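First comes the structure, then the notes that go with it.
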Amino acid sequence: MVAEVLYEAEGAPSVEGMTCPLTDIKAGEWYTDAVIWAYNSGVVAGRGDGTFGPNDRITRRDFAIMVSKLLLDGEDAPEATTTPFSDVAANDYGLNAIAYCAENGIISGFDGEFRPGDNITRQEAASVMKNALELTGTTSELFADDAAIATWAKANVYACKAAGVFNGDDHNNFNPTSTLTRAEAASIMVNAMK
């Protein structure tokens, strides 16, 4: 399964002494330390009910929020009034982060739309992370499902693999069209900081 190998404990930031009030983040899960670190760093937030929803899928909007907070050291993106995307309303809670990511060449859309409510795929997330971290490296070690990775995403995926931001599953598959969970997104943020 992808989830178990996304977060690599070796080289991960220490969570010693950190607390996490999110009631559904329990000790012993593969993602626990990643979520605790990301929460304490201001990169992720809980929901209004005090939970995180680690196994829930993450939208393109919420991934953009996490990325902007990662790049801005846990701070909110600067206030914006518009984005270049026709489907991001002025009252969208992700407006500032989406505008920040668009202005900085981190995200792009689909024919003028961002599709903020769509769940983000692994290959889309790899493209965002490559742009956000300005990754330039690559690796000749291909994923077993390399043929399933979209042509437009291959350089991004392998830049992220080379940097240790993304890993494959137990069978060395990248699973490019699988959507990310919130816990997987938190672990990617931690991997990006190693």
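The values are calculated or read from the model by the stated rules, or taken from the named source; none is laboratory data. Just so it is clear, the structure is predicted and the values come from calculations on it, not from any experiment. Using ideal geometry, Cβ is built from the backbone for each residue, glycine included, and neighbour counts are taken over all protein chains shown. Just so you know, the surface numbers come from the protein's heavy atoms only, side chains and all, with ligands and any DNA or RNA stripped out. Shrake-Rupley method; radii C 1.70, N 1.55, O 1.52, S 1.80 Å.
Within the range 102-113, one or more residues are touching a Pro at 6+ places or on another chain (Cβ under 6 Å), closer than 22 Å to V44 by Cβ, in a helix (DSSP H, G or I) and open to solvent by 10 Å² or more (accessible area, probe 1.4 Å). Considering V190, V165, V157, the condition of being part of a loop (DSSP other than H, G, I, E, B) and either closer than 27 Å to T83 by Cβ or at pLDDT below 95 (or both) is satisfied by V165 alone.
In the range 1-29, which residues are modelled with pLDDT under 90, open to solvent by 40 Å² or more (accessible area, probe 1.4 Å) and either of a type in the set (S, T, N, Q) or within 18 Å of the chain's Cα centre (by Cα) (or both)? If the condition is that a residue be modelled with pLDDT under 90, open to solvent by 40 Å² or more (accessible area, probe 1.4 Å) and either of a type in the set (S, T, N, Q) or within 18 Å of the chain's Cα centre (by Cα) (or both), then M1, E4, E8, A9, S14, T19 are the ones that fit. Condition check: surrounded by fewer than 23 Cβ atoms within 10 Å (Cβ to Cβ) and either touching an Asp or Glu at 6+ places or on another chain (Cβ under 9 Å) or at pLDDT 95 or above (or both). Does G137 satisfy that? No. Listed conditions (1) open to solvent by 30 Å² or more (accessible area, probe 1.4 Å); (2) touching a strand residue (DSSP E or B) at 6+ places or on another chain (Cβ under 9 Å); (3) not aromatic (F, W, Y) are all met by R47, apart from (2). Among the conditions (1) crowded, with 22+ Cβ neighbours inside 10 Å; (2) assigned to a helix (DSSP H, G or I), N131 misses just one, which is (1).
Against the numbered list (1) modelled with pLDDT of 95 or more; (2) closer than 24 Å to T19 by Cβ; (3) part of a helix (DSSP H, G or I), F63 comes up short only at (2).
Checking the stated criteria, A99 turns out not to satisfy the condition of being more than 16 Å from the chain's Cα centre (by Cα) and without any contact (Cβ under 8 Å) to a residue 12 or more places away in the chain.
Checking each residue in the range 110-153 for being within 25 Å of T82 (Cα to Cα) and without any contact (Cβ under 8 Å) to a residue 12 or more places away in the chain picks out F110, D111, E134.
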